[in-house]
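Trainee: First the structure, then my questions, so here it is.
The values are calculated or read from the model by the stated rules, or taken from the named source; none is laboratory data. Not measured: the values here are computed from a predicted model. Glycine gets a Cβ as well: all are built from the backbone with ideal geometry, and neighbour counts include every protein chain shown.
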Amino acid sequence: MKPGHWRWGLAQMGTSVPTLQKVKGLNFFKLLGSGQGRGFSLKPNWFRYGLMATWESPAAAEDFYMGHPLLEEYRQHTFEQYNLTLQPLQAHGLWSGQNPFTTQTIPAPANAPIAVLTRASIRLTKAIDFWRHVPQASASLDHAQGLLASIGLGEAPFLRQATFSLWRDEACMKEYAYRMAAHREVIKNTRARGWYSEELFARFTPLSSQGTWNGVDPLARLL
């Protein structure tokens with residue numbers, strides 16, 4: 001978001017919804033705010049926002065990103081954009097009562113970058129306990145080998161949270177997910193403490209990237 005435009009950006013979380021609901025070929029979408037840091041965060045970032053969307057066809061997505069007036073308006077208010085085209089590999093769980101990505105499980109291509117999305121609706125009665133335990137796992141991302149980029153996202157402050165991350169390959173992602181002590185503890189506590197009323201975990205193969213994220217394309221020379 002350009003300096004001084006944060007109020008406009010925040011307003012889009014509500015005002016863009018009716019427009020997006022009318023976009024032809026748009027099957028599912030979420031407008032997402034962001035937090036400070038690489039993962040779940042209590043501190044909002046008022047200058048960075050995300051749009052996650054699934055499409056009826058590649059052509060429908062391209063028509064939207066290349067020519068829709070809403071995207072042109074976004075570009076006028078921002079100094080940086082990063083667009084990723086992703087193919088779902090697997091998805092477990094629900095988002096707003098549905099799995100918007102895939103019911104299949106497709107092996108990740110060998111030695112290729114991989115994207116991971118995790119999201120959850122946190123039970124109001126469990127919110128304090130959740131936020132006491134999760135920040136250390138988010139901080140451990142700073143030391144994860146093979147992490148290209150990550151961001152904490154959310155539909156609503158404190159209770160509907162997500163993280164999106166890009167990894168050099170599946171091996172690096174699994175090394176963090178299953179061997180990093182802080183992350184293993186979060187996985188354990190998720191079940192034991194019943195933090196979530198709904199959750200979803202999905203993996204994707206990046207097909208293409210455009211623009212920059214913090215001044216660079218994390219997938220440059222990898223696609």
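Trainee: Please go through the range 126-168 and pick out each residue that is in contact with a strand residue (DSSP E or B) (Cβ under 9 Å, 6 or more places away or on another chain), outside any strand (DSSP E or B) and at pLDDT below 90.
Mentor: 126, 130, 131, 134, 138, 141, 144, 157, 158, 159
Trainee: Here is a follow-up. With the condition kept exactly as written, say whether any residue in the range 43-56 is out of contact with any strand residue (DSSP E or B) (no Cβ under 7 Å at 6 or more places or on another chain) and touching a residue at least 12 places away in the same chain (Cβ under 8 Å).
Mentor: Yes, the conditions are met somewhere in the range 43-56.
Trainee: I'd like to verify a number: residues in the range 59-92 that are touching a residue at least 24 places away in the same chain (Cβ under 8 Å), farther than 15 Å from residue 204 by Cα and not acidic (Asp, Glu), how many?
Mentor: Counting residues in the range 59-92 that are touching a residue at least 24 places away in the same chain (Cβ under 8 Å), farther than 15 Å from residue 204 by Cα and not acidic (Asp, Glu) gives 12.
Trainee: Something else now. Could you grab me the full set of residues in the range 191-220 that are hydroxyl-bearing (Ser, Thr, Tyr) and under 17 Å from the mean Cα position of the chain (by Cα)?
Mentor: 205, 208, 209, 212
Trainee: Could I ask something else about it? Anything in the range 65-87 that is farther than 21 Å from residue 15 by Cα and surrounded by 16 or more Cβ atoms within 10 Å (Cβ to Cβ)? List them, or say none.
Mentor: Within the range 65-87, 82, 84, 85, 86 qualify.
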